Amino acid sequence: MRKALRGLMSLAVLIGTVSATGVSAGAATAAEPAAVRPAASDSGTSTDIKDRILAIPGMSLIEEKPYAGYRYFVLNYTQPVDHRHPSKGTFQQRITLLHKDTSRPTVFFTGGYNVSTSPSRSEPTRIVDGNQVSLEYRFFTPSRPSPADWSKLDIQQAASDQHRVFTALKKIYSKNWLTTGGSKGGMTATYYERYYPKDMDGVVAYVAPNDVVNKEDSAYDRFLGHVGTKECRDKLNGVQREALVRRKPLEKKYAQYAADNGYTFSTVGTLDKAYEAVVMDYIWAFWQYSLLADCDSIPADAKTATDQAIWDSVDSISGFSAYADQGLEGYTPYYYQAGTQLGSPDIKQPWLGKLSRYGYQPPRTFVPRSIPMKERTGVMRDIDNWVTHHADHMLYVYGQNDPWGAERFRLGAGARDSYVFTQPGGNHGSNVAGLVPAENATATAAILRWAGVAPAAVQADPAKAKPLAKYDAVLDKRDLATEHRLGHRHP
């Protein structure tokens, strides 16, 4: 899981990079003088938008970055560590705000991991030509309480973070709001809707897994047994087998690679366990981030391929840095949640026979032992039941060849004005634009309608629906490496 799309093991989901490079260390407060006013408007008031935002109690400015046609702010917001007991301490949660105009709708983006500090737009933001608020998920640094009480990292606390941000900003951005996110971000958007169903006017969730019963994962095995073509599956299976058959020489190479890069393996325990975990991810990670056409890059005959060819294929798709301490550190909050609430796939991969020593290792393996973990059963079943019977203004988009979609959200008789669509041949980067034309139009029209900005022509004929904002090569550039957690263990 990993490096896929190359060398990006310390990254994060759906829009932009996770690093805070270039963000100033100090935080400006509402008392600071306003910066130079860019051209983006602020309808209905003469007060500068930055001053209005910083007048919110607990809101402080980290940095403002210029972008033509917008104001872009990187902010901190004071949040309770425990929303059930607000008096028990606070922490600073990082937020970004792409401001267009208070007369436009607002999209609340949640990646489920770190937040990017570079200006960018999610697909719904472009569709509705709106503002975008992006929230860093609690416990991802620097948005982590100190000391960290990990029992306060759960989906309801995270939903309450989002609710408080919405409540504070709704006074400024009074038009319709949508929430969106991809993968774990799509899960986050769903959970927010479940706990605060009156906040948002619509939900757009991309490639969101739904692991209702953590111990029942046969759907993933069935998926991997039929995805793509037999020719492609056989090539992938062959490389994965050879990586385990040649464990001794390739682990020698791995040890040198770790030494050269300063990698250690205290969390997983041994280099051998880390090596196997990377290899076991290989096939899942391929289908998550590649397309069927990419099978041409896989060694055709693994048994006759060189050790270097096997290494290169596994490294390019799974990433050998993934399970080193340095690769795991930034993802501790995700693995904690996967092992306590979200669930995690446990796939069999029968073509490996008895070559695996450890099986598909569980999330506990990837969390330092100093952090206690206890599974909280029933939480995902509650979410699934709620979506099935109460979904209202909710859109789910999946990819046909994305393994995470093997266990997905589905709609029941109680759902209203809600949809589940699948992009043909799509991977974990599937979106509305990739749907077949009729579904693309239906989804786009729904998003515009929920945002309250559907033109009269679209209201009369949804087939005429299209994004209201023109494509921007910087804001709308898609990078799966940062858009949806690389590799299988990070949805």
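Calculate how steeply helix 307-317 sits against the longest principal axis of the alpha-carbon atoms of the chain, using the helix alpha-carbon long axis, and give the answer as 0 to 90 degrees to the nearest 10.
Once rounded, one gets 20 degrees.
Helix 184-195: angle to the longest alpha-carbon principal axis of the chain, degrees 0 to 90, nearest 10?
Taking the Cα atoms of the chain, the angle to 184-195 is about 50 degrees.
Under 5 Å between amide H atoms, partner at least 5 residues away or on a different chain: which partners does residue 82 have, H built in plane at 1.01 Å?
The list, which skips near neighbours in sequence, is 88.
Test of understanding: express the Cα radius of gyration of the range 160-213 as a ratio to 2.2 N^0.38 Å, with N the residue count.
It is 1.16.
First measure r as the distance between the Cβ atoms of residue 231 and residue 436, then evaluate 1/(1 + (r/R0)^6) with R0 = 35 Å and state the FRET efficiency to the nearest 0.05.
E between residue 231 and residue 436, to the nearest 0.05, is 0.85.
Once you charge only the Cβ atoms, +1 for Lys and Arg and -1 for Asp and Glu, what is the size of the charge dipole of the range 273-359 about its Cα centre, to the nearest 20 debye?
Details: 5 positive and 11 negative charges, 85 e Å.
The dipole magnitude comes to about 400 debye.
Under 5 Å between amide hydrogens, which residues at least 5 positions from residue 62 or on another chain qualify, with H placed 1.01 Å from N in the peptide plane?
28, 74, 75, 76
Give the separation of the Cα centroids, the range 170-228 to the range 430-478, in Å.
Measuring centre to centre over Cα atoms gives 19 Å.
Could you name the aspartates and glutamates in cross-link range of residue 100, using Cα to Cα under 20 Å and dropping any fewer than eight places away on the same chain?
Of all the aspartates and glutamates, those that pass the test against residue 100 - Cα under 20 Å, at least 8 places apart if same chain - are 42, 48, 51, 63, 64, 123, 129, 201, 472, 476.
Taking all pairs of distinct Cα atoms, average 1/r, flip it, and tell me the Kirkwood hydrodynamic radius of the chain in Å to one decimal place.
Taking the inverse mean of 1/r over all distinct Cα pairs, the chain comes out at 23.2 Å.
Which of the pairs 348/477; 152/273; 65/470; 152/477 have their Cα atoms more than 28 Å apart in this structure?
The answer is 348/477; 152/273; 152/477.
Relative contact order (percent) for the chain, with alpha-carbon contacts under 8 angstrom and 6 or more residues of separation? Walk me through the intermediate numbers first.
Numbers: 1049 pairs, mean separation 102.5, N = 491.
For the chain, the relative contact order is 21 percent.
Before I look further, what does the range 178-337 give for accessible area per residue, probe 1.4 Å, in whole square angstrom?
For the range 178-337, the solvent-accessible area averages 36 Å² per residue.
Within 10 Å of each candidate Cβ there may be at most 15 other Cβ atoms; applying that plus a DSSP loop requirement, which chymotrypsin sites (Phe, Trp or Tyr not before Pro) in the range 53-118 survive? Mind dumping the intermediate values first?
Numbers: sites: 67, 70, 72, 73, 77, 91, 108, 109, 113; in loops: 113.
Of the chymotrypsin sites (Phe, Trp or Tyr not before Pro), not one in the loops of the range 53-118 has a Cβ with at most 15 other Cβ atoms within 10 Å.
I need the Debye-formula profile for the range 232-367: one equal scatterer per C-alpha, no solvent, reported as log10 I(q)/I(0) at q = 0.17, 0.19, 0.20, 0.22 1/Å, two decimals.
-0.94, -1.16, -1.26, -1.46
Per residue of the range 197-211, what does 6.51 cos²θ - 1.76 cosθ + 1.60 with θ = phi - 60° give for ³J(HN,Hα)? Whole Hz please, x for Gly and Pro, Karplus curve as stated.
These are the phi-based 3J(HN,Hα) values: x, 9, 6, 9, 8, x, 10, 10, 10, 9, 6, 8, x, 9, 8 Hz.
I'm a student and want to see the number: the projected area of the Cα convex hull of the range 191-311, averaged over all directions, in nm².
11.3 nm²
Among 324, 181, 98, which residue has its Cα furthest toward the positive end of the charge dipole of the chain, with +1 on Lys/Arg Cβ and -1 on Asp/Glu Cβ?
The residue sitting most towards the positive pole is 324.
Counting helices only, and only those DSSP H runs with n ≥ 4, report the 222 nm mean residue ellipticity of the chain as the sum of -39,500 (n - 2.57) divided by its residues, in deg cm²/dmol to the nearest 500.
For the chain, the value works out to -9000 deg cm²/dmol.
Which angle from 0 to 90°, rounded to the nearest 10, does the C-alpha axis of helix 271-289 make with the longest principal axis of the chain?
In the chain, helix 271-289 runs at an angle near 60 degrees to the longest axis.
With a 1.4 Å probe and every protein chain kept in, tell me what percent of the accessible surface of the range 94-211 is carbon plus sulfur.
On the range 94-211, the fraction of accessible area on carbon and sulfur atoms equals 44 percent.
The values are calculated or read from the model by the stated rules, or taken from the named source; none is laboratory data. Please read all numbers here as calculations on a predicted model, not as lab measurements. Quick reminder, even Gly has a Cβ in these numbers, built from the backbone with ideal geometry, and neighbours come from all protein chains shown. Note: areas computed on protein heavy atoms with side chains; ligands, DNA, RNA excluded. Shrake-Rupley method; radii C 1.70, N 1.55, O 1.52, S 1.80 Å.
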